[in-house]
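The structure under discussion appears below in the form of structure tokens.
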There are 2 protein chains.
Amino acid sequence: MFRFHFAAAFSVLLLAGSLAAEEKNQPMKFGMVIHGGAGTIERRNMTAANEEAHRAGLEQALRAGYDVLKKGGSSLDAVEAAIRVLEDNPLFNAGKGAVFTHEGTNELDSSIMDGRTLKAGAVAGLQHVRNPISLARLVMEKSPHVMLDGEGAEAFAKKMGIPFVDQKYFYTEDRWQELQKKKSSPGALSDKHGTVGAVALDQAGNLAAGTSTGGMTNKEFGRIGDSPIIGAGTYASNRTCAVSCTGDGEFFIREVVAYDVSALMDYKGVPVQEAAQTVIDKVGKLGGTGGLIAIDKQGNFAMPFNSSGMYRGTIDAAGKISVEIYR
Amino acid sequence: MFRFHFAAAFSVLLLAGSLAAEEKNQPMKFGMVIHGGAGTIERRNMTAANEEAHRAGLEQALRAGYDVLKKGGSSLDAVEAAIRVLEDNPLFNAGKGAVFTHEGTNELDSSIMDGRTLKAGAVAGLQHVRNPISLARLVMEKSPHVMLDGEGAEAFAKKMGIPFVDQKYFYTEDRWQELQKKKSSPGALSDKHGTVGAVALDQAGNLAAGTSTGGMTNKEFGRIGDSPIIGAGTYASNRTCAVSCTGDGEFFIREVVAYDVSALMDYKGVPVQEAAQTVIDKVGKLGGTGGLIAIDKQGNFAMPFNSSGMYRGTIDAAGKISVEIYR
């Protein structure tokens, strides 16, 4: 008798939980989901001021994307606009706030994909481009290639008339101290995965995704993570969904994470939330941590992660913003 | 009446065709499939001597892989051994025979993946490494990373004690002339996709895949194609299959080709031949040309391509070699 009541009460709790979750993840007519990186982000280690600054940064990026979408602009423009805001914010590991490599330089990676055409652009190893996401988009639109690298990519940037910044632009005291700390206790992979990303659905029903990062603190040997890899860190197709990832890049490459979410939807008919969670679970099983954001063509979205936190936020067709950091 | 007979006769023809195809693609207990690139390869443009040299090169690579597999060696060792032979052969666009970039340099890319562990290694933009496939393997086994690039990758190679070669090592008169021709008629993407690759199934039932290339003649701006991209040019998982691609790299990245073959098998239960053909058809629909080789854990294999030819060959458990070039 007790057992029966307990089970019934438990079912009611579960039902309430799933209703709440459903209400929370209402599909958007159009809108955007962004992330500012996943990793060891715990309430007890955050000051109120620091938390507030991160929230404000995410909201600013969401508004930049929304301004585009509301006017009937493309998801591609919205993704680029939101990521530029995050790249210009020193709090996030992309653009201005990029972490330092082992050699004390900053090397930035980014990629973007258009779900309507399956066109894509990616850049890796940039040292002097303020907004890598915009260069990735130029690669997609103005070159016959998908991926350009290092000095070659910067030569292309020069040809396109993109303004260059000095490496000093990317200097931030916090990141520099992170490098010193990492160098004095090497071995482990970085436990804080800074990367920023955005996925959007526009009023015309088109999907787009983009990702930008400074990579891993103390990275060596020209290491390339998942962020500039189409299929791993970024993917978008109007058939299925738009995805941007953040986490232990090596595991995201090996699991082809961004495309795997799409493949599960396409080939198994799985909804975006289930597909996204399944793939993050696969990453976890392999030993990797991180998260992803995904939105489908009906405006359903997912933001699963297996780390202690992920900076993330959404804005819907009404302009309603939701920002979260912890579990 | 006529219709009936015609239909019956047609059915018999179809049946005979599929039986022949089945006989030809008998599953192997263990074995290997390789390619030496797909593209505009037509009988009328080939001299007998040139054709014979290509066939001999493919056979030599197949034997190198088979020597490993027959002794009970791993599919990973077999893939590396076969690709090293192709990299050392000036006829194929990888290693020694790498094409020239716009700047007149040679920049080599490669990747390898272990189907048993899903571990992977990749290198891009190498200028002084004789056998990029072996460096990709060292990245997989001796670094925490999957992908290393350019000078950083070469610094890692030095640390690993890999012998360096001068850029002159990669000079071949034929490739140099190709560059001059390309420079005088620019615009179109290369119509001959040199890349080499191998996939193998060993006696323990493990799968592996590898790919190596000099990229596109006249490539600019540090262009990276699909060959060093896990998921695009190379993928292997014991759950499904091992795949190596060759073709218009940009389209193979956008379609996440190598992993897509695996995803179709995994999520739709499609056999390897159908999955491989489906994905090459998708590439064609998007406007790309090329081909791929794939082998599954039962030793079933496929070698579809949508160009006029693809250098390709197989060796089965009995050591029986088959080499083909044209349709």
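The values are calculated or read from the model by the stated rules, or taken from the named source; none is laboratory data. As the structure is a prediction and not an experimental result, all values here were calculated from the model. Quick reminder, even Gly has a Cβ in these numbers, built from the backbone with ideal geometry, and neighbours come from all protein chains shown.
Taking the listed residues B:G287, B:G249, the one that is over 17 Å from the mean Cα position of the chain (by Cα) and either more than 22 Å from B:R312 (Cα to Cα) or within 11 Å of chain A (Cβ to nearest Cβ) (or both) is B:G287, with no other qualifying. Could you check, for the range B:172-193, whether at least one of its residues is surrounded by 24 or more Cβ atoms within 10 Å (Cβ to Cβ) and within 16 Å of the chain's Cα centre (by Cα)? Yes, there is a match, as at least one residue in the range B:172-193 is surrounded by 24 or more Cβ atoms within 10 Å (Cβ to Cβ) and within 16 Å of the chain's Cα centre (by Cα). Please determine whether any residue of the range B:110-128 is part of a loop (DSSP other than H, G, I, E, B), within 14 Å of another protein chain (Cβ to nearest Cβ) and touching a Lys or Arg at 6+ places or on another chain (Cβ under 6 Å). Yes, there is a match, as at least one residue in the range B:110-128 is part of a loop (DSSP other than H, G, I, E, B), within 14 Å of another protein chain (Cβ to nearest Cβ) and touching a Lys or Arg at 6+ places or on another chain (Cβ under 6 Å).
Scanning the range B:252-269 for residues that are more than 22 Å from B:I34 (Cβ to Cβ) and more than 9 Å from every other protein chain (Cβ to nearest Cβ) yields a total of 1.
Considering the range A:129-158, the residues that are at the interface with another protein chain (Cβ under 8 Å from one of its Cβ atoms) and assigned to a helix (DSSP H, G or I) include one that is surrounded by the most Cβ atoms within 10 Å (Cβ to Cβ), namely A:A153.
Exactly one residue out of A:A209, A:A232, A:A276, A:A236 is under 22 Å from A:E59 (Cα atoms) and of a type in the set (A, V, I, L, M), and it is A:A209.
Select from the range B:111-128 the residues that are of a type in the set (S, T, N, Q) and buried (at least 19 other Cβ atoms within 10 Å of the Cβ) and write down the one among them that is modelled with the lowest pLDDT. So, considering only residues that are of a type in the set (S, T, N, Q) and buried (at least 19 other Cβ atoms within 10 Å of the Cβ), the one modelled with the lowest pLDDT is B:Q127. Against the numbered list (1) in contact (Cβ under 8 Å) with a residue 40 or more places away in the chain; (2) of a type outside the set (A, V, I, L, M); (3) touching a helix residue (DSSP H, G or I) at 6+ places or on another chain (Cβ under 8 Å); (4) outside any helix (DSSP H, G or I), B:D226 comes up short only at (1). Return the only residue of A:A232, A:A317 being part of a loop (DSSP other than H, G, I, E, B), within 14 Å of chain B (Cβ to nearest Cβ) and either charged (D, E, K, R) or in contact with a Gly (Cβ under 9 Å, 6 or more places away or on another chain) (or both). Every option except A:A232 fails the conditions.
Summed over the range A:217-229, residues that are more than 9 Å from chain B (Cβ to nearest Cβ), on the phi < 0 side of the Ramachandran plot and either over 12 Å from the mean Cα position of the chain (by Cα) or surrounded by fewer than 24 Cβ atoms within 10 Å (Cβ to Cβ) (or both) total 1. Can B:T105 be described as more than 16 Å from the chain's Cα centre (by Cα), closer than 22 Å to B:T217 by Cβ, within 14 Å of chain A (Cβ to nearest Cβ) and part of a loop (DSSP other than H, G, I, E, B)? Yes: the conditions hold for B:T105.
When A:N93 is tested against (1) surrounded by 18 or more Cβ atoms within 10 Å (Cβ to Cβ); (2) at pLDDT 95 or above, only condition (2) is not met. Screening B:R239 with (1) more than 14 Å from chain A (Cβ to nearest Cβ); (2) farther than 26 Å from A:A153 by Cβ gives one miss only, at (1).
Yes/no per residue for (1) without any contact (Cβ under 8 Å) to a residue 24 or more places away in the chain; (2) surrounded by fewer than 19 Cβ atoms within 10 Å (Cβ to Cβ); (3) hydrophobic (A, V, I, L, M, F, W, C); (4) out of contact with any helix residue (DSSP H, G or I) (no Cβ under 6 Å at 6 or more places or on another chain):
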{"residue": "A:E274", "(1), (2), (3), (4)": "yes, yes, no, yes"}
{"residue": "A:K282", "(1), (2), (3), (4)": "no, yes, no, yes"}
{"residue": "A:G288", "(1), (2), (3), (4)": "no, no, no, no"}
{"residue": "A:G291", "(1), (2), (3), (4)": "no, no, no, yes"}
{"residue": "A:F301", "(1), (2), (3), (4)": "no, no, yes, yes"}
{"residue": "A:P304", "(1), (2), (3), (4)": "no, no, no, no"}
{"residue": "A:T314", "(1), (2), (3), (4)": "no, no, no, yes"}
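A:N218 meets each of the listed conditions (1) touching a residue at least 24 places away in the same chain (Cβ under 8 Å); (2) in a helix (DSSP H, G or I); (3) out of contact with any Gly (no Cβ under 8 Å at 6 or more places or on another chain) apart from (2). Residues of the range B:148-170 that are free of Cβ contacts under 8 Å to residues at least 40 places away in the same chain and more than 16 Å from B:A124 (Cβ to Cβ): B:K158, B:K159, B:M160, B:G161, B:P163, B:F164, B:V165, B:D166, B:K168. The condition (being of a type outside the set (D, E, K, R), closer than 24 Å to B:M113 by Cβ and either surrounded by fewer than 19 Cβ atoms within 10 Å (Cβ to Cβ) or within 13 Å of chain A (Cβ to nearest Cβ) (or both)) is satisfied by just one residue among B:G205, B:G210: B:G205. Residues that are within 16 Å of the chain's Cα centre (by Cα) and either in a helix (DSSP H, G or I) or at pLDDT 95 or above (or both) within the range B:38-63 comprise B:H54, B:R55, B:G57, B:L58, B:E59, B:Q60, B:A61, B:L62, listed in sequence order.
Suppose we filter the range A:51-75 for residues that are more than 11 Å from A:T314 (Cα to Cα), out of contact with any helix residue (DSSP H, G or I) (no Cβ under 6 Å at 6 or more places or on another chain), touching a residue at least 12 places away in the same chain (Cβ under 8 Å) and not charged (D, E, K, R); how many remain? Here the count works out to 7.
Taking the numbered list (1) within 14 Å of chain A (Cβ to nearest Cβ); (2) under 21 Å from A:A153 (Cα atoms) in turn, B:V99 passes all entries but (1). Would you confirm whether or not the range B:247-262 contains a residue that is surrounded by 24 or more Cβ atoms within 10 Å (Cβ to Cβ), touching a Gly at 6+ places or on another chain (Cβ under 6 Å), in a loop (DSSP other than H, G, I, E, B) and in contact (Cβ under 8 Å) with a residue 12 or more places away in the chain? Checked the range B:247-262: at least one residue is surrounded by 24 or more Cβ atoms within 10 Å (Cβ to Cβ), touching a Gly at 6+ places or on another chain (Cβ under 6 Å), in a loop (DSSP other than H, G, I, E, B) and in contact (Cβ under 8 Å) with a residue 12 or more places away in the chain.
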